[in-house]
Amino acid sequence: MPKILLVEDNEMNRDMLSRRLERKGYQVVLALDGQSGVEMAQSQTPDLVLMDMSLPVLDGWEATRRLKADAATQHIPVIALTAHAMSSDREKALEAGCDDYDTKPIELPRLLGKIEALLGGSEIASAGGLTP
Ligand code: MN
């Protein structure tokens, strides 16, 4: 079961998204600010990080930069989540090292597609079930 670290300071978004991901079979661990997001990524070694960009203590861009600068966490895919559909935010997220980007309000099928694309082959291969 893939483990997703959700870094989100908004309680309503956090509760709703984590419940929906758990219903899809993901294990979800939570962090409420960018600093604890970085620490949780180090201690929990999730398979993927969903990173809100607007976060207290350390914003999502800086938290992602730190994850991508640390050999222990740089392989973990990060999907940036932001309320702004501005192309400058997308560029900023990719520059910070985010592997993909999605905008709020979350459309779960779209986000799941991005999650599955990034978890991709390795999860399926290690499960051993879907090899032709
Ligand atoms: Mn936020």
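The values are calculated or read from the model by the stated rules, or taken from the named source; none is laboratory data. Just so you know, these numbers come straight off a predicted model, no measurement behind them. Here Cβ is always computed from backbone atoms with ideal geometry, including for glycine, and neighbour counts include all displayed protein chains. Note: areas computed on protein heavy atoms with side chains; ligands, DNA, RNA excluded. Shrake-Rupley method; radii C 1.70, N 1.55, O 1.52, S 1.80 Å.
If you sort the three axes of the alpha carbon gyration tensor as a ≥ b ≥ c, you get a/c of 1.5 or more for the stretch 1-57 and a/b no higher than b/c, which makes it oblate.
Quick one: accessible area per residue over the chain, 1.4 Å probe, rounded to a whole number of Å²?
Working: 6860 Å² over 132 residues.
Accessible surface, normalised per residue, equals 52 Å².
Share of carbon and sulfur in the accessible area of the chain stands at 52%, probe radius 1.4 Å.
Helices that extend 27 Å or more along their long axis by alpha-carbon positions and average at least 1.0 on the Kyte-Doolittle scale are absent among the DSSP H runs of the chain. Specify whether the C-alpha gyration tensor of the stretch 3-126 places it in the rounded, prolate or oblate class, a ≥ b ≥ c being the square roots of the eigenvalues: rounded for a/c under 1.5, otherwise prolate if a/b is larger than b/c and oblate if not. Cα axes put the stretch 3-126 in the rounded bin.
Dipole size of the stretch 6-99 about its Cα centre, with +1 on Lys/Arg Cβ and -1 on Asp/Glu Cβ: approximately 300 debye, rounded to the nearest 20. Taking 0.36 nm per residue of separation and subtracting the current Cα-Cα distance, fully stretching the chain between MET86 and GLU62 would add 6.8 nm. The distance between label points at ASN10 and HIS75 comes to 3.4 nm (points 7 Å beyond Cα on the Cα→Cβ vector). Computed extension length for THR45-ARG19: 7.3 nm, one decimal, from 0.36 nm per residue of separation with the Cα-Cα distance subtracted.
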